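Comments concern the structure below.
The values are calculated or read from the model by the stated rules, or taken from the named source; none is laboratory data. These numbers come from a predicted model, not from an experiment. Cβ placement follows ideal geometry from the backbone for every residue including glycine, while neighbour counts extend to all protein chains displayed.
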Amino acid sequence: MKGTLYLVATPIGNLEDITGRAIQILKEAEIILCEDTRRVRKLLAHLGIKGKKLESFNQHNQEQKIPRVMKWLEQGKIVALCCDAGTPAISDPGGRLVEVVHQKKIKIVPIPGASALTTALSASGLPADRFLFLGFLPSRAGERKKLLEKYQDFPETIVLFEAPHRIKKTLKTLREIFGERRVCLARELTKIFEEVKLTRLSKLIEELEKITPQGEFTLVIEGAKTKKKALDAQEIKKIIQKKLLEGKKLKDIAQSLAEEFSLSKNLVYQLGLEVKKETRG
């Protein structure tokens, strides 16, 4: 009789967030696949579970480990897959293993639980009935920009993960491509220094410039507003000129037009400077 692969969601921070069913499966499992054996060993110690066989299974070795795991399952063993935190195979190792297990007609049982994705989305204050999940963006700047440009007009909420050393660059790229939007930053979810705040991209960029970001970040980004007629430079200048004559400041004009037409604030500001120069001339 063939075995079973259990996909066990583990806490994303607070160890008390594990479910009773997950605890039972970890007790019953003959082999536990771990993204990092040290983290799972710490969790097992917290739960009072001893004597378990832990096997490293991560993005660097998963292709080499899959044949061994399949052999165990063919032998009828109970195997549990855990990632460092949250639900396995969601921007974590495991997706390829699950695919192979399906192909071999071996039973797969998901054990639901914590997920940074749904935790951040539920607390974001942004629409959550439909959303797009992009996971971790590409590390290369060009690839990251190309992917975001693909979704700059997507009307629903967008969720993505980001590492602390890339968060500032990513936010600036988001602001450049998406224009000004509301964004919820969720950091260190369920941990001591948990932070969940709904703000605007420009303000968040300004705040993070003053600190060294720490912890894993989940960003929940407002979808694109209904796309309006594209404006050329001359049309934008006419609007700017009108608002300047009304006594409004260029900085405020750039902010409002960037939001209204999903434009780059810097672009609008530069056009405004040109209008002022032409007016003086």
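Listed values, structure above:
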| item | result |
| --- | --- |
| Residues of the stretch 81-114 classified as more than 11 Å from the chain's Cα centre (by Cα) and either of a type in the set (Lys, Arg) or within 24 Å of Pro155 (Cβ to Cβ) (or both), total | 4 |
| Any hit, the stretch 158-178, residues being without any contact (Cβ under 8 Å) to a residue 60 or more places away in the chain, in a helix (DSSP H, G or I) and of a type in the set (Ser, Thr, Tyr) | yes |
| Residues that are of a type outside the set (Lys, Arg), part of a loop (DSSP other than H, G, I, E, B) and without any contact (Cβ under 8 Å) to a residue 60 or more places away in the chain, drawn from the stretch 231-281 | Leu231, Asp232, Glu246, Gly247, Gly281 |
| Single match in Ser91, Ser56, Ser124 (criterion: in contact with a strand residue (DSSP E or B) (Cβ under 9 Å, 6 or more places away or on another chain), assigned by TED's automatic domain parsing to the domain that holds Asn14 and under 22 Å from Tyr151 (Cβ atoms)) | Ser91 |
| Cβ pairs under 6 Å, 6+ apart, first in the stretch 194-215 and closer than 14 Å to Leu171 by Cα and in the same structural domain as Lys265 (by TED's automatic domain parsing), second assigned to a loop (DSSP other than H, G, I, E, B) and of a type outside the set (Asp, Glu) | none |
| Only one of Gly95, Gly13, Gly48 that is of a type outside the set (Asp, Glu) and surrounded by 15 or more Cβ atoms within 10 Å (Cβ to Cβ) | Gly13 |
| The stretch 127-137, subset surrounded by 14 or more Cβ atoms within 10 Å (Cβ to Cβ) and not in a strand (DSSP E or B), residue nearest to the chain's Cα centre (by Cα) | Leu137 |
| Residue among Glu207, Glu143, Glu162, Glu194 that is surrounded by fewer than 17 Cβ atoms within 10 Å (Cβ to Cβ), of a type in the set (D, E, K, R), touching a strand residue (DSSP E or B) at 6+ places or on another chain (Cβ under 9 Å) and within 22 Å of Asp92 (Cβ to Cβ) | Glu194 |
